[in-house]
1. Any residue at all in the stretch 216-235 that is part of a loop (DSSP other than H, G, I, E, B) and either surrounded by 21 or more Cβ atoms within 10 Å (Cβ to Cβ) or under 17 Å from the mean Cα position of the chain (by Cα) (or both)?
2. Please specify each residue of the stretch 176-195 satisfying the condition of being in a helix (DSSP H, G or I) and either under 24 Å from residue 24 (Cβ atoms) or in contact (Cβ under 8 Å) with a residue 24 or more places away in the chain (or both).
3. Any chance you could count how many residues in the stretch 90-110 are assigned to a helix (DSSP H, G or I) and touching a helix residue (DSSP H, G or I) at 6+ places or on another chain (Cβ under 8 Å)?
4. Surrounded by 14 or more Cβ atoms within 10 Å (Cβ to Cβ), more than 30 Å from residue 56 (Cα to Cα) and modelled with pLDDT of 95 or more: does that describe residue 187?
5. Check 134, 141, 123 and return the single one that is touching a strand residue (DSSP E or B) at 6+ places or on another chain (Cβ under 7 Å), over 26 Å from residue 95 (Cβ atoms) and not in a loop (DSSP other than H, G, I, E, B).
6. Say we look at the stretch 21-41 and pick out the residues that are assigned to a helix (DSSP H, G or I) and in contact with a helix residue (DSSP H, G or I) (Cβ under 7 Å, 6 or more places away or on another chain); which of these is surrounded by the most Cβ atoms within 10 Å (Cβ to Cβ)?
7. So residue 125 ticks every box in (1) within 16 Å of the chain's Cα centre (by Cα); (2) farther than 23 Å from residue 109 by Cβ but one. Which box is left unticked?
8. Which of the residues spanning the stretch 236-247 are touching a residue at least 40 places away in the same chain (Cβ under 8 Å) and part of a strand (DSSP E or B)?
């Protein structure tokens, strides 16, 4: 049994969502991913709980691009449920009653391969034949960063600074589209979203700003340029004599108010 699942270890373990997002990125410029119904179908087709199990519980299911500890995250928005029947109907409505074949760009990494195989099985269940193509990180960046590169791939974003614009603008604003090394690697372009992102970035009233990002998240949830899968967790074991220590949402660790409950000989004080 994984240590974090053992009750006797619970008081000593931090297991909290990190400032990152992982998913399956789709190139919205090319068929079949230019059709929103196909993109939504994949969100319904994938059992995201399998991802969490394959990561030994070190993650939470995503409903979109913003991680749970990010300001502006919408706690009321629920992830796409696992619903293969709905996925098949959406595929049929989009003109793919028998599914389609696609190549998936995947990093040459044991964890990434396991997740890709889980994805492959789920998509096979709704008629999508997915071939996994393993590649190095530089090759992956090259093929996903250009419009005529891989149409379907592993996707991820890790925070540069603690603001929702660092996720939403970087990955989905049309000005972030480039013909090479594109940050917006789903090549998703929507004038309505662009205006919403620009307005949210300028807004100085914090409460109103977070509400604006709630609307942005719901638009992206519906448009589904990614299969929203999970946010990885920060997991750390703490000795019981380490007091007042906690993970930091930006810098991972915060020792500023931490202290060791030890005697002058360096032994743990029993209380």
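The values are calculated or read from the model by the stated rules, or taken from the named source; none is laboratory data. Just so you know, these numbers come straight off a predicted model, no measurement behind them. Cβ sites come from the backbone with ideal geometry, for glycine too, and all protein chains shown count toward neighbours.
1. Let us first name the residues in the stretch 216-235 that are part of a loop (DSSP other than H, G, I, E, B), namely 224-225.
Now restrict to residues that are either surrounded by 21 or more Cβ atoms within 10 Å (Cβ to Cβ) or under 17 Å from the mean Cα position of the chain (by Cα) (or both): 224-225.
Scanning the stretch 216-235, I find at least one residue that is part of a loop (DSSP other than H, G, I, E, B) and either surrounded by 21 or more Cβ atoms within 10 Å (Cβ to Cβ) or under 17 Å from the mean Cα position of the chain (by Cα) (or both), so the answer is yes.
2. Step one: of the stretch 176-195, the residues in a helix (DSSP H, G or I) are 176, 191-195.
Answer for the stretch 176-195, where residues must be in a helix (DSSP H, G or I) and either under 24 Å from residue 24 (Cβ atoms) or in contact (Cβ under 8 Å) with a residue 24 or more places away in the chain (or both): 176, 192, 193, 194.
3. In the first step, residues of the stretch 90-110 are kept if they are assigned to a helix (DSSP H, G or I); the result is 90-93, 110.
Filter once more, so that each one left must be touching a helix residue (DSSP H, G or I) at 6+ places or on another chain (Cβ under 8 Å): 90-91, 93.
Within the stretch 90-110, residues that are assigned to a helix (DSSP H, G or I) and touching a helix residue (DSSP H, G or I) at 6+ places or on another chain (Cβ under 8 Å) number 3.
4. Numbers: surrounded by 14 or more Cβ atoms within 10 Å (Cβ to Cβ): yes; more than 30 Å from residue 56 (Cα to Cα): yes; modelled with pLDDT of 95 or more: yes.
In short, yes.
5. Working: 141 fails: touching a strand residue (DSSP E or B) at 6+ places or on another chain (Cβ under 7 Å); 123 fails: over 26 Å from residue 95 (Cβ atoms).
Of 134, 141, 123, the one residue that is touching a strand residue (DSSP E or B) at 6+ places or on another chain (Cβ under 7 Å), over 26 Å from residue 95 (Cβ atoms) and not in a loop (DSSP other than H, G, I, E, B) is 134.
6. Of the stretch 21-41, the ones assigned to a helix (DSSP H, G or I) are 36-41.
Filter once more, keeping what is in contact with a helix residue (DSSP H, G or I) (Cβ under 7 Å, 6 or more places away or on another chain): 36-38, 40-41.
On the way: 36: 15, 37: 17, 38: 23, 40: 21, 41: 32.
Ranking the candidates gives 41 first.
7. (1)
8. The initial filter retains those residues of the stretch 236-247 that are touching a residue at least 40 places away in the same chain (Cβ under 8 Å), namely 236-240, 246-247.
Answer for the stretch 236-247, where residues must be touching a residue at least 40 places away in the same chain (Cβ under 8 Å) and part of a strand (DSSP E or B): 236, 237, 246, 247.
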